[in-house]
Each structure stands twice: as structure tokens, then as C-alpha cells.
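Asks: This structure is in C-alpha cells; I'll ask about it shortly.
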Amino acid sequence: MSDPYDVIVIGGGPAGYVAAIRAAQLGLKTACVEQWINKQDKPALGGTCLNVGCIPSKALLEATELYDEARKNFADMGILVGEVGLDVPKMIARKDGIVSELTGGIAALFKANGIEWLQGRGKLGAERAVTVTERDGTETVHQAANVIIATGSVPIELGATPLDGNIVVDSSGALDWEDVPGSVCVIGAGIIGLELGSVWRRMGSEVVLLEAQEDFLPMVDKAIAREAKRTFEKQGLDIQLGSRVMGSEVVNGQVKVSYQDADGEHETMFDKLIVAVGRRAYTDGALSVEAGVELDERGLIHVNDHCETNIPGVYAIGDVVRGPMLAHKGSEEGVMVAERICGEHAEVNYAVMPNVIYTHPEVAWVGKTEEELKSEGVDYQVGTFPFAASGRAKAKGDTGGMVKIIRDRTSDRLVGAHLIGPSASELLGQSVLAMEFDGTIEDIARTIHAHPTLSEAVHEAALGADGRAIHIANRKKR
Ligand code: FAD
Ligand code: NAD
């Protein structure tokens, strides 16, 4: 048994590594147990997000967006580049290079902060003892005053569509194909389905998304979801709602997908199949019975608003607990827990959680949708502004989409912001900040926005809530 730690974090993803860094900054003796083995067969920090999630998917989305842009829009801008081609292995290698740099960066931050990386699988026992099993089977036991479980999530597998690592893959496999498939079927038109479907569509694949639900992006404000569906379909994504996949079979190097919709049962052949039907909390092998940590009926570790489990001194954060499975949500929980261990009064404001789908255009939102406010009986008012009326969007040649912001009429507070359009992920920040500061729409309306910027569209939407938008004809006069 080594000297006891103040904190042991199990899991080095964006929840766990951030918790470890914040704990070390606060002077706590900290270790992080991480078992990830990367494509190069090397131990790596960073979890799903850095290795097979946020970062590699965005590297491919950026590259394919530029490719699409060069083919479709350069000529209109007066740029002649000849025939634009693809080098998919190079694109994948660039993505892998970015992943290596960033995961290596976390290892360097651990060193700089004096955090010990215990490489291997961590298992919590009684009284906050953590057993670490290395790749060669060596076991060591470490004691901690506090344990933070941050073991994340893994893709949900469908028994009827078994993965084979090449033709039938989950999101990780779909980041590594080195040839462009002629046709790709995606099960699930959720966030992963739309992002990875967009990547392969831009590279030239025919992409069909089979979605069991009748509603498209049910968590998104309806007006924005409608606009998103229309735009994605124009880009060639074939989104089939109300289509439940029943099974798949690999036949002669292709995959036969069986699904059911209102017209009955169908079977279609595709070159590849991506299973993107959600993720589940991952606690496999991480908790001994003696640890006594309670899970809920969905397999998530049960925690309160401060990420405390039912066992004193044991916390859980990130995808393994309730709430949206988002990197920034887990990171903020990590900071909160580390600070609370040191007696500080940190909180996470779950009501102001930014969400982004990194398609083109991007879809981004925070706070309540119009539908939620209606069903809660809130007296609200909406301001909208289309990017088609933005000078900067015109200059960029990227005018699709709009900004929609919503105020509570009684308190005047901004209660929701919903965007679809160029750089929506970045533009969302100003509304997130306004909501965090308990700001009003009037605060945004009175703030000077640089011209010409896309952020003026948010300014105009705020002005538009009561008929004061300048660059659009208002029906309401004031
Ligand atoms: P994870 O990142 O899953 O990390 C958990 C870590 O714990 C892993 O490294 C695992 O090896 C380790 N671990 C598990 N059990 C043990 C054990 N017993 N011992 C030791 N180590 C263990 N979110 C966003 O916010 N923005 C995005 O753009 C985005 N894009 C995504 C794209 C894709 C394709 C995917 C799949 C996900 C994406 N996500 C995105 C979601 C995001 O990746 C997760 O929400 C985030 O990684 C969760 O962080 P975490 O630290 O809780 O868990
Ligand atoms: P999701 O929950 O967003 O979408 C899964 C979809 O699959 C659902 O719409 C569901 O109805 C559908 N589905 C399930 N079974 C089906 C079947 N048999 N046939 C047809 N459709 C079926 O999940 P996801 O896209 O896998 O993403 C998982 C999580 O990862 C997300 O919820 C999100 O939290 C996170 N993520 C975030 C980002 C981001 O922030 N940009 C990107 C990727 C992933």
C-alpha cells in the first residue's frame, strides 16, 4: 500500500482529468487511474472525448467542411483551384496526430501539476481503497481520503446488429475508415448520427439515417429542428423517421439492414453501417460490492446536485451520472467536486448548459425551448433574426439559418437561445454568459456588437423581441 492520497480519480476523461488537475491546483495529493489503450497500443489519457469523441470527430468535420466548401463555393467567390481531391488516409492521419498531441498534452499537465497517473483498471473497494490492475496483471492497492469516479460511458450495442469493426461499426469505428464507402446506413439520427453522417456524406457517400422516433431532434426547439432537417436533407442526408432497425447481416462484404416503418418491413444493402443509438454509463469492473455505491435503474451512479454518492467521501461525475453526456458538463462537475472537497462552495448551474451539434450549419442551444415554456405556462416573448439578413454571413457566403432568443415576459430574463447557422457554437457563448449573469434581453440589445460580425444576428434577435430589429422589416412597431 502506497502513502494515502487526498484524492484518487478513477477515469481520465474530460470529467476525471479536469477534477484531478483542479484538485492538484488546490494542493491535494492526487492520483488518476486510467486504463485507456490507444490505436498505437499505448496508454492514453483524455477518455472518449479526446481519443474517439469530441476531438477526432471535429477534426474530420472541419476537414470535410473545407473540402465541401472548396468544391461547392470557391468558384462563386472567384477562387479557381482546379479539381479538388481527397486523400482520406492523410485526413485520418491528421486526425490521429491531433488526438496524440492533445492526449500527450494532458499527460504533460499531469506531470506539471504533480498528479500521479496510475496506469490500469481501478476498482473501488470498501473504505475508499482503490485496487489498480495493470496490463500485465500486477495489482496494487491505494488508499484515498476521497475518491472521484469518472468512468464515463460507452456506445450502446444492439444485439441484432453485431459490430465487426469494419463493415458494422460504432462511432469509434466510423472515425477510421480509409476509403469512402459508396453507401452508409446510420442507425439513429441523434447527435452522433448527424455529425458522422455529415462527415461521410461530404466525402461522397450516400447516407441514410434510420431513426426510430417520429420526431426529429426532440430536444431541440421545434422551429430550429425543422430548419435543420430541411437543410440536412438538401445536403443529401436521407433522414427516415419512424424507422426502427430490427437487425443486420454482413453478406459478401456488404451489410443487409432490416428495418420497419409505417409501410412495413424492409431490407436494404449498404457498404457500411454505423450504430449510433446512444451511450450507456460505464461502471463495468470499477465498483466492488463492498464499496456499496448505489446505481439507479439505468445503471448511472446515483448522486445529488453536488455529485456526492451515498458513500461519504465518494463522488461521481461526468457521463457516469445523470444529466447530458457532454464533455463540458463533466469537466464543470470535476471542478465543483475538487473545490467542495477543499471546503469551497462550488456549484454547477445545470439550467445553463450549452449544447451544440457540429453539423454545417451548426445547431446550438441553451435554456428552455419555446415548447417547454408553453407547456410550463410561462408568459414568454420570442425574438428571431435570419442570417440571410446579416452582412457578415453574406460576405462569408453562408446565410442559412437563424437566431431565436426567448425572454420571460414577467422577469424580462433571457430564458433560452436557439441557433442554427454559421459558427452557432461560438455565437451561443454570449447568450450562455448573459443567462449565467441573470441577464435580460435588454442587456443584449443595449450591448455594442462589432460590425460586421455574425454576433450582430444575436443582437438583432434581442432587438427583434419587441420590434426594434434594424435590418429586417418589423411588423411590430415600437
Ligand atoms: P469518458 O470521456 O468516457 O472517460 C472515461 C474514462 O474512464 C475513459 O478514459 C476510460 O478508459 C476510463 N475508465 C473507465 N473505467 C475505468 C476503470 N475501472 N479504471 C480506469 N479507467 C477507467 N461531448 C461534447 O461535449 N462535445 C462534443 O463535440 C462531443 N462529441 C462527441 C463525439 C463522439 C463521436 C462521441 C462518442 C462523444 C462525443 N461527446 C461530445 C461526448 C463526450 O465525449 C463525453 O460526454 C465525455 O467524454 C464524457 O467524459 P467523461 O470523463 O465522463 O467520460
Ligand atoms: P442520441 O441519443 O443523441 O441518438 C440516438 C438515436 O438513436 C435516438 O434518436 C434514438 O431514437 C435512435 N435509436 C435507438 N434505437 C434505434 C433503432 N433500433 N432504430 C433506429 N433508431 C434508433 O445518441 P448518440 O447520437 O449515439 O450520442 C450519444 C451521446 O453522445 C449524445 O446524447 C451526446 O450526449 C453525446 N454526444 C455529444 C456530441 C456533441 O455535443 N456535439 C456529439 C456526439 C455525441
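Asks: Can you go through Gly299, Gly323, Gly278 and tell me which one is modelled with pLDDT of 95 or more, within 14 Å of ligand 1 (Cβ to nearest atom) and in contact with a Gly (Cβ under 8 Å, 6 or more places away or on another chain)?
Replies: Gly278
Asks: May I ask you to list the residues in the stretch 217-230 that are crowded, with 17+ Cβ neighbours inside 10 Å and not in a helix (DSSP H, G or I)?
Replies: Matches in the stretch 217-230: Leu217, Val220, Asp221.
Asks: Just to be sure I understand the filter: pairs with C-beta atoms under 6 Å, separated by 6 or more residues or on different chains, first member in the stretch 125-147 and closer than 20 Å to Gly27 by Cα, second member modelled with pLDDT of 95 or more and among the hydroxyl-bearing types (Ser, Thr, Tyr). Which pairs pass?
Replies: Listed by first residue and then by second, the contacts come to Ala144/Tyr5.
Asks: Follow-up question, since we're still on this one. In the stretch 128-158, how many are closer than 20 Å to Ala23 by Cα and surrounded by fewer than 17 Cβ atoms within 10 Å (Cβ to Cβ)?
Replies: Total meeting the criteria: 2.
Asks: Thr410 versus (1) open to solvent by less than 50 Å² (accessible area, probe 1.4 Å); (2) in contact (Cβ under 8 Å) with a residue 24 or more places away in the chain; (3) not aliphatic (A, V, I, L, M): which is the lone unmet condition?
Replies: With (1) open to solvent by less than 50 Å² (accessible area, probe 1.4 Å); (2) in contact (Cβ under 8 Å) with a residue 24 or more places away in the chain; (3) not aliphatic (A, V, I, L, M) applied to Thr410, the lone miss is (1).
Asks: Specify the residue that is surrounded by the most Cβ atoms within 10 Å (Cβ to Cβ); the eligible residues are those in the stretch 159-202 that are assigned to a loop (DSSP other than H, G, I, E, B), aliphatic (A, V, I, L, M) and more than 16 Å from ligand 1 (Cβ to nearest atom).
Replies: Here the answer is Ile167.
Asks: One residue is enough: does the stretch 252-274 have a residue meeting the conditions open to solvent by less than 10 Å² (accessible area, probe 1.4 Å), closer than 17 Å to Asp170 by Cα, near ligand 2 (Cβ under 9 Å from one of its atoms) and more than 20 Å from the chain's Cα centre (by Cα)?
Replies: No, every residue in the stretch 252-274 fails to be open to solvent by less than 10 Å² (accessible area, probe 1.4 Å), closer than 17 Å to Asp170 by Cα, near ligand 2 (Cβ under 9 Å from one of its atoms) and more than 20 Å from the chain's Cα centre (by Cα).
Asks: For the stretch 303-316, give me the residue count where each residue is within 16 Å of ligand 1 (Cβ to nearest atom) and either assigned to a loop (DSSP other than H, G, I, E, B) or aromatic (Phe, Trp, Tyr) (or both). Before the answer, list the steps.
Replies: Going residue by residue through the stretch 303-316, those that are within 16 Å of ligand 1 (Cβ to nearest atom) are 303, 307, 309, 314-316.
In the following step, the residues that additionally are either assigned to a loop (DSSP other than H, G, I, E, B) or aromatic (Phe, Trp, Tyr) (or both) were identified as 303, 307, 309, 315.
Matching residues across the stretch 303-316 total 4.
Asks: Taking the stated definitions as given, is Glu116 crowded, with 17+ Cβ neighbours inside 10 Å and of a type outside the set (S, T, N, Q)?
Replies: yes
Asks: Within the stretch 329-350, which residues are free of Cβ contacts under 8 Å to residues at least 60 places away in the same chain and among the small types (Gly, Ala, Ser)?
Replies: Residues satisfying the conditions are Gly343, Ala346.
Asks: So if I check each of Val335, Val348, which one is among the hydrophobic types (A, V, I, L, M, F, W, C), over 12 Å from the mean Cα position of the chain (by Cα), outside the structural domain of Ile192 (by TED's automatic domain parsing) and open to solvent by 30 Å² or more (accessible area, probe 1.4 Å)?
Replies: Val335
Asks: Within the stretch 222-237, can one find any residue that is within 26 Å of the chain's Cα centre (by Cα) and closer than 25 Å to Ala160 by Cα?
Replies: yes
Asks: Here is a list: Glu362, Glu376, Glu372. Which entry is closer than 27 Å to Gly193 by Cα, of a type in the set (Asp, Glu) and more than 16 Å from ligand 1 (Cβ to nearest atom)?
Replies: Glu372
Asks: Do you know which of the residues in the stretch 313-328 that are open to solvent by 10 Å² or more (accessible area, probe 1.4 Å) and touching a residue at least 40 places away in the same chain (Cβ under 8 Å) is farthest from ligand 2 (Cβ to nearest atom)?
Replies: Applying the filter and picking the extreme gives Gly313.
Asks: I'm told Ser205 meets every condition in (1) open to solvent by 20 Å² or more (accessible area, probe 1.4 Å); (2) away from ligand 1 (no atom under 16 Å from the Cβ) except one. Can you identify the failing condition by its number?
Replies: Failing condition for Ser205: (1).
Asks: Return the only residue of Glu233, Glu214 being open to solvent by 50 Å² or more (accessible area, probe 1.4 Å), more than 23 Å from Pro56 (Cα to Cα), outside any helix (DSSP H, G or I) and not basic (Lys, Arg).
Replies: The conditions single out Glu214.
The values are calculated or read from the model by the stated rules, or taken from the named source; none is laboratory data. From a predicted model like this one, the values you see are computed outputs, not experimental measurements. In this analysis, Cβ positions are derived from the backbone assuming ideal geometry, glycine residues included, and neighbour counts consider all displayed protein chains. Protein only, heavy atoms only, side chains kept; ligands, DNA and RNA dropped before computing areas. Shrake-Rupley method; radii C 1.70, N 1.55, O 1.52, S 1.80 Å.
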